[in-house]
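Structure first, then comments.
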Amino acid sequence: MHDKSELRENQLLAALPEEALERLQPSMECIVLPPGEILYDFEDELTHIYFPNRNTVVSFLGTTDEHDNVEVGLCGNEGAVGFAGLFGAETTAHQNLVQVPGTGSRLTMAAARDEFRRCGRFQELLMKFAHSLFIQASQTAVCNRLHSDEERLARWLLLSNDRVEFHQLPLPRELLAKLLGRSRAAASLAAGVLERAGLISYNGAELIIVDREKLESAACSCYWVVRRQAAKVLRDLKVRP
């Protein structure tokens, strides 16, 4: 059995009543989430729900029949991965990739479904987060259609930076290309535009946000739409039952 303080690093778990967390705790394990770890690949069976801790970010990637992957959403310790199993899904439609490494916990799907069927706080919190992620994914679709690579990259960097306590992000060029849904050359070109403007520093493996305020000015309005929705969810999480 794990220390509850570890589990409560995730804000969804921290917002649960004590009795709910006690019911879930025997079916949970604390885990390390290394960089580039694939928690779920496309069409994998949903066996667990993952809850990232502080300073950990997981990307949700979509794909095509041509195996072109692009990010459609992300979450940090405000969310969970694999929760579609609570809504009737047996396999995942996305690839869930650890973008910023850290720690977390995972809960067996059987225990999660049992708690979800109680129609209590656990269900309420997961549905609120699912709604928030839906808005993020739909806004990403708008962003991918209407905005430049530089604006989209600025949006993504800000959303990632909101979920960690530092300005340095591990970002290999291959991952950068996936996140933008572009070739490595096009993705590097977008990063170069932001770097020449003095907003970031990028060496092809790690990216440093140099000027957060200017980066906000460079991002499209999609960042603020998603951030406002995330703020609503976080306010709900902080209201303990």
Margin query: To make sure I understand, if each residue's beta carbon is the centre and we count other beta carbons within 10 Å, what order do F116, F134 fall in, fewest to most?
Written below: F134, F116
Next item on the list: Using per-residue counts of other Cβ atoms within 10 Å, averaged over each peptide, order 175-183, 136-144 from highest down.
Entry: 175-183, 136-144
Next item on the list: With the cut-off at 22 Å, report for the chain the share of all Cα pairs above it, as a whole percent.
Entry: 51 percent
Note to self: Tell me the mean residue ellipticity at 222 nm calculated for the chain from its helices only (DSSP H runs of n ≥ 4, each -39500 (n - 2.57), averaged over every residue, nearest 500).
What the structure shows: -13500 deg cm²/dmol
Note to self: Could you give the length gained by full extension between C119 and S5, i.e. 0.36 nm per residue of separation minus their alpha carbon distance, to one decimal place?
What the structure shows: 38.6 nm
Checklist line | Cα-Cα pairs of segment 101-241 separated by more than 22 Å (percent) | finding: 48 percent
Item checked: Inter-label distance, nm, simple model (7 Å from Cα along the C-beta direction), R212/E90 -> 4.6 nm
Note to self: Compute the orientation-averaged projected area for segment 143-226 from the convex hull of its Cα atoms and round it to one decimal in nm².
What the structure shows: 4.9 nm²
Next item on the list: Kindly rank 204-210, 44-50, 157-163 from highest to lowest mean number of other beta carbons found within 10 Å of each residue.
Entry: 157-163, 44-50, 204-210
Next item on the list: Calculate the length of the line joining the C-alpha centroid of segment 1-47 to that of segment 171-241, in whole Å.
Entry: 26 Å
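We did not get these values from a lab; they are worked out from the coordinates using the rules stated. Here the structure is a predicted model, which is why all the values come from computation and not from measurement. Methodologically, a virtual Cβ is constructed for each residue, glycine included, from the backbone with ideal geometry; neighbour enumeration extends over all protein chains shown.
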